[in-house]
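Here is the structure we will look at, set down as structure tokens.
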Amino acid sequence: MRTRGILRILGLLICLFSATLLPPAVVALIYGDGGGTAFILAFAISLGIGFLVWYPQRNVRHDLKVRDGFLLTVLFWTVLGMVGVMPLYFAEELPLSFTDAVFESFSGLTTTGATVIQGIETLPHSLLFYRQQLQWLGGMGIIVLAVAILPMLGIGGMQLYRAEIPGPLKDAKMTPRIADTAKHLWYIYVALTAVCATAYHLAGMSWFDAIGHAFSTIAVGGFSTYDASMGYFDSATINTICVVFLLLSSINFAVHYAAITGRSILPLLRDPETRAFLGIQATLIFIVFATVLVHDVYSDTGTAFNQALFQAVSISTTAGFATTDFASWPLFLPILLIFASFIGGCASSTAGGLKVVRVVLLFRQGVRELNRLVHPSGVYSVKLGQRVLPPRIVEAVWGFFAAYALVFVVIMLGLLATGLEDITAFSATAAALNNLGPGLGDVAANYATIPDGAKWLLVLAMIFGRLEVFTLLVLLTPTFWRS
């Protein structure tokens, strides 16, 4: 284990992250809301910590091994999540306990979108901006994680990249180096954010709200500057814009890259995971729309369709934005959408969940086993598009699913032990592990009332979900720590 090399990089990351505490301070200055002191203090402390971690290791230049990358990734999310706690804890306008501040920080950075804050719109603009910015930064971190770290475990987006991307790019990564890959993904991410913010503003949002909601939309996060979330604006146009950009952000960013460089939408149309994702979304929208019509939830068809469209996409992509209290719909729909969040978006996107490609492979592997029961001597393969996948990938997907299910059960049992009732424990675990945000029961709108022990368990679930389980679990194996 190259500890000093890990500490050098971690120190640099903390110093870099400290710089992100300055934009909210500038916002405080612009709006004169008096919230800048907490950010300046947090900036000074985090910069100092980062410097103290980096300086003794400043001359270390050893290349990191694969397992060093896993440890650094886990430290990246946990340490930066704790650094992000400081302005929330220091802010006098936001009297949060330490536990609540930790919950809010990790919920933002992991793009979960669950909150313990009530009366969000009464907060200073600087704190509102900071919450939205946390999600945006977390969303980009997810993309870099997906292309740089997870393939080492055989479960990441780049592991399946050649199978997912048709055309001339299918036999190579987007660029030869991870740094170049991350840079190109940044360009796409920033461009989508800018276009989304502009669309929101043209639809009636102020620039402040437009930029803030664009941050959380492209990150598929779900934080809003209002308690009522997107419902505050009461606009079918804004709802539709949100749906479009949630769908775009839930598609593999590698596919976006292929479409942009090829100046064609064919990669989007040919990619089997994208087609499966859009098919799932269309099916969910139809089911939700038909159900709210049958139960006369809304007085007119247009409103029913817009609400069905928005809530189906928002929950199933794990964004968690709301325009209405979907928990008050016929019980079939909230449960359906919670289960849909387990599928989530595509690999190498900012959405949470198991990821569509894994669910597709699990389904096709199940079909293969059924065929083998009927024809024991038959030879059947698992394909993604026209490509036959090697057994190693299928085994990794099954292993991931088993680990995901195990973590879900353990976290849910822990929540039940803290005193939460069953539907609250189940939905809160799903919402945290899938990085969804809103749940059912006592956590339908807010997590402020649940016990502190439950909040810490949910923070752990958020990290597990964001790191796609294996990245964290691998640190618990004896093999990882053997020299």
Among the residues of the range 335-356, write down those that are closer than 14 Å to Y404 by Cβ and either touching a Cys at 6+ places or on another chain (Cβ under 8 Å) or not in a loop (DSSP other than H, G, I, E, B) (or both). F339, S341, F342, I343, K355
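May I ask you to list the residues in the range 191-239 that are of a type in the set (V, I, T) and closer than 24 Å to G141 by Cα? Before you say what the answer is, go through the steps one by one.
As a first pass, look at the range 191-239 and keep what is of a type in the set (V, I, T): 193, 195, 198, 211, 217-218, 220, 225, 237-238.
Once the filter is applied, which keeps residues that are of a type in the set (V, I, T) and closer than 24 Å to G141 by Cα, the range 191-239 yields T193, V195, T198, I211, T217, I218, V220, T225.
The rows are residues; the columns are (1) more than 20 Å from the chain's Cα centre (by Cα); (2) not in a loop (DSSP other than H, G, I, E, B).
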position: L269; (1), (2): yes, yes
position: R275; (1), (2): yes, yes
position: F289; (1), (2): yes, yes
position: S299; (1), (2): yes, no
position: A308; (1), (2): yes, yes
position: A312; (1), (2): no, yes
position: L333; (1), (2): yes, yes
Do we find a residue being crowded, with 20+ Cβ neighbours inside 10 Å and among the polar types (S, T, N, Q) anywhere in the range 322-342? yes
Among the listed residues D300, D325, identify the single one that is of a type in the set (D, E), in contact (Cβ under 8 Å) with a residue 40 or more places away in the chain and more than 13 Å from G222 (Cβ to Cβ). D325
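With the condition being buried (at least 19 other Cβ atoms within 10 Å of the Cβ) and modelled with pLDDT of 90 or more, I'd like the helices (runs of 4 or more DSSP H) fully within the range 382-483 carrying at least 3 qualifying residues. First the steps, then the outcome.
Numbers: elements: 391-417, 422-433, 452-466, 470-473, 478-481.
Qualifying helices (runs of 4 or more DSSP H): 391-417, 422-433, 452-466.
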Restricting attention to the range 329-337, does a residue exist that is modelled with pLDDT of 95 or more and under 14 Å from L433 (Cα atoms)? no
Being at pLDDT 95 or above, crowded, with 17+ Cβ neighbours inside 10 Å and hydrophobic (A, V, I, L, M, F, W, C) is the filter here, so list the residues in the range 176-218 that pass it. L192, C196, A197, A199, A203, M205, F208, A210, I211, A214, F215, I218
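Against the definition (without any contact (Cβ under 8 Å) to a residue 12 or more places away in the chain, buried (at least 18 other Cβ atoms within 10 Å of the Cβ) and either in contact with a helix residue (DSSP H, G or I) (Cβ under 6 Å, 6 or more places away or on another chain) or not aromatic (F, W, Y) (or both)), how does A259 come out, yes or no? Can you show your working first?
On the way: without any contact (Cβ under 8 Å) to a residue 12 or more places away in the chain: yes; buried (at least 18 other Cβ atoms within 10 Å of the Cβ): yes; either in contact with a helix residue (DSSP H, G or I) (Cβ under 6 Å, 6 or more places away or on another chain) or not aromatic (F, W, Y) (or both): yes.
In short, yes.
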Checking G279 against (1) farther than 13 Å from F321 by Cβ; (2) in a helix (DSSP H, G or I); (3) touching a helix residue (DSSP H, G or I) at 6+ places or on another chain (Cβ under 9 Å); (4) not hydroxyl-bearing (S, T, Y), which single condition isn't satisfied? (3)
Could you tell me whether A236 is touching a residue at least 60 places away in the same chain (Cβ under 8 Å), surrounded by fewer than 24 Cβ atoms within 10 Å (Cβ to Cβ) and under 16 Å from S314 (Cβ atoms)? yes
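The values are calculated or read from the model by the stated rules, or taken from the named source; none is laboratory data. None of these values were measured; they are calculated from a predicted model. Note that each Cβ is placed from the backbone with ideal geometry, even for glycine, and that neighbours are counted across all protein chains shown.
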